[in-house]
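Engineer: What follows is a single structure, and I will ask about it in a moment.
None of the figures in this text is laboratory data; all of them are computed from the coordinates on show. Small disclaimer: the values here were computed from a predicted structure and weren't measured. Here Cβ is always computed from backbone atoms with ideal geometry, including for glycine, and neighbour counts include all displayed protein chains.
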Amino acid sequence: MSNVILPIALWAAIGLAGLSVLVMGLSGLRSVWYGKVQPLTIAIIAIPGVVVVVLGLTMETWVQAGIYTLVTMFALLLLGMVATGLRQAFQSAFS
């Protein structure tokens with residue numbers, strides 16, 4: 001009896017997750033449309049999604065794309081932290 005419910009529950013959870021992502025995207029577009037959010041903010045938040053889609057279409061498996069996306073995002077994080085630190089160091093040195 002439990003084997004009958006499990007696939008239905010899994011597909012329902014996947015469907016609800018997909019629906020929530022769709023609603024979040026539409027809400028974000030609505031916020032941009034009404035000027036509540038700057039488009040640059042949305043673009044920065046969308047970077048991981050764009051990276052995983054591009055890598056997913058160019059690599060053999062989506063698992064590899066996910067791993068490479070994680071490594072790429074960590075590298076961008078470290079690069080941003082170093083750049084911010086250097087900028088603050090130069091600002092404090094020359095002010």
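Engineer: In square nanometres and to one decimal, what's the mean projected area of the convex hull around the Cα atoms of the stretch 17-65?
Structural biologist: On the way: hull surface 15.9 nm².
The directionally averaged projection comes out at 4.0 nm².
Engineer: Just to check I understand the Karplus step: with θ = phi - 60° and J = 6.51 cos²θ - 1.76 cosθ + 1.60, what whole-Hz values come out for the stretch 12-21, glycine and proline as x?
Structural biologist: Working through the residues one at a time gives 5, 5, 5, x, 5, 5, x, 5, 5, 5 Hz.
Engineer: Normalised by the residues of the chain, what does the relative contact order come to in percent, with Cα pairs under 8 Å and at least six apart? Working shown, then result.
Structural biologist: Numbers: 20 pairs, mean separation 11.8, N = 95.
For the chain, the relative contact order is 12 percent.
Engineer: Next up: For Ala9 and Trp33, compute 0.36 nm times the residue count separating them, minus their Cα-Cα distance, and round to one decimal in nm.
Structural biologist: Values: separation 24, 0.36 × 24 = 8.64 nm, distance 3.58 nm.
Taking 0.36 nm per residue and subtracting the Cα distance, the gain is 5.1 nm.
Engineer: Can you list the HN-Hα couplings for the stretch 33-46, worked out from phi with the Karplus curve (6.51, -1.76, 1.60; θ = phi - 60°), rounded to whole Hz and with x for Gly and Pro?
Structural biologist: The phi angles translate into 4, 8, x, 7, 10, 6, x, 5, 5, 5, 5, 5, 5, 7 Hz.
Engineer: Then there is this: Over all alpha-carbon pairs in the chain, figure out the percentage whose distance exceeds 23 Å. Present the calculation step by step, with values, prior to reporting the outcome.
Structural biologist: Numbers: 2489 of 4465 pairs.
Percentage above 23 Å: 56.
Engineer: What distance in nm lies between label points placed 7 Å from Cα along the C-beta direction at Leu16 and Met59?
Structural biologist: Computed distance between label sites Leu16 and Met59 equals 3.0 nm.
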